[in-house]
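Colleague: Below are the structure tokens for one structure; questions will follow.
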Amino acid sequence: MVRVTEASGAEQQRVVDRNLILFPAYWDAKRTVAKGRRVPVELASEYVTLQDVAECLTMLGLPLGLQKKAYCRDVLTQAVRLRVPLRNEMGILINPQIDSRACVSVTAAALCWG
């Protein structure tokens, strides 16, 4: 999402929404990589719920938001996704140990199910 806000004078500043989009299916051990799993099977869980993932991300100190959107590879089951920012408004990492999408997925999986 790109918002355009008025700056001083005729200049305009572009503010880009840089939240990560995460679905519980990323941690589902019953899925293959082709069907949407994004962590190794050893770290995945067979029964993943939105509450489990939200709790893991909260334990990592990351703020999160929920959004009603279906996962494109499985539109019939979980219709909620998580929006997680890695950086605050000033561009500083919220959790210095987590700096990428892959790091969020693997660290949350290792913390909760590993």
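The values are calculated or read from the model by the stated rules, or taken from the named source; none is laboratory data. Keep in mind that this is a model prediction, so the values were computed, not measured. Glycine gets a Cβ as well: all are built from the backbone with ideal geometry, and neighbour counts include every protein chain shown.
Colleague: If you go through the range 47-58 one residue at a time, do you hit one that is farther than 26 Å from Ile94 by Cβ and acidic (Asp, Glu)?
Modeller: Keep residues of the range 47-58 that are farther than 26 Å from Ile94 by Cβ, which gives 47.
Among the residues that remain, those that are also acidic (Asp, Glu) are: none.
No; the residues of the range 47-58 include none that is farther than 26 Å from Ile94 by Cβ and acidic (Asp, Glu).
Colleague: Applying the selection to the range 45-80, what residues are assigned to a loop (DSSP other than H, G, I, E, B) and in contact with a strand residue (DSSP E or B) (Cβ under 6 Å, 6 or more places away or on another chain)?
Modeller: Going residue by residue through the range 45-80, those that are assigned to a loop (DSSP other than H, G, I, E, B) are 46-49, 60-64, 68-70, 72-73, 75-80.
Scanning the range 45-80 gives Val48, Leu62, Leu64, Lys69, Val80.
Colleague: Shifting gears a bit: Does Val16 satisfy the condition of being modelled with pLDDT of 90 or more and in contact with a strand residue (DSSP E or B) (Cβ under 8 Å, 6 or more places away or on another chain)?
Modeller: On the way: modelled with pLDDT of 90 or more: no; in contact with a strand residue (DSSP E or B) (Cβ under 8 Å, 6 or more places away or on another chain): yes.
It is false that Val16 is modelled with pLDDT of 90 or more and in contact with a strand residue (DSSP E or B) (Cβ under 8 Å, 6 or more places away or on another chain).
Colleague: Pick from the range 17-74 the residues that are within 22 Å of Arg87 (Cα to Cα) and among the acidic types (Asp, Glu): which of them is surrounded by the most Cβ atoms within 10 Å (Cβ to Cβ)?
Modeller: Glu55
Colleague: Here is a further query. Would you point out the residue of the range 81-114, among those that are part of a helix (DSSP H, G or I) and over 11 Å from the mean Cα position of the chain (by Cα), that is modelled with the lowest pLDDT?
Modeller: Initial filter on the range 81-114 (part of a helix (DSSP H, G or I)): 101-112.
Restricting the remaining residues to those that are over 11 Å from the mean Cα position of the chain (by Cα) gives 106-107, 109-112.
Numbers: Val106: 94, Thr107: 93, Ala109: 93, Ala110: 93, Leu111: 91, Cys112: 88.
Step by step, filter the range 81-114, then rank; the result is Cys112.
Colleague: Can you go through Val84, Val80, Val48, Val53 and tell me which one is under 24 Å from Asp17 (Cα atoms) and in contact with a Phe, Trp or Tyr (Cβ under 8 Å, 6 or more places away or on another chain)? Lay out the reasoning, then the answer.
Modeller: Details: Val84 fails: in contact with a Phe, Trp or Tyr (Cβ under 8 Å, 6 or more places away or on another chain); Val80 fails: in contact with a Phe, Trp or Tyr (Cβ under 8 Å, 6 or more places away or on another chain); Val48 fails: under 24 Å from Asp17 (Cα atoms).
Val53 is the lone residue from the list that is under 24 Å from Asp17 (Cα atoms) and in contact with a Phe, Trp or Tyr (Cβ under 8 Å, 6 or more places away or on another chain).
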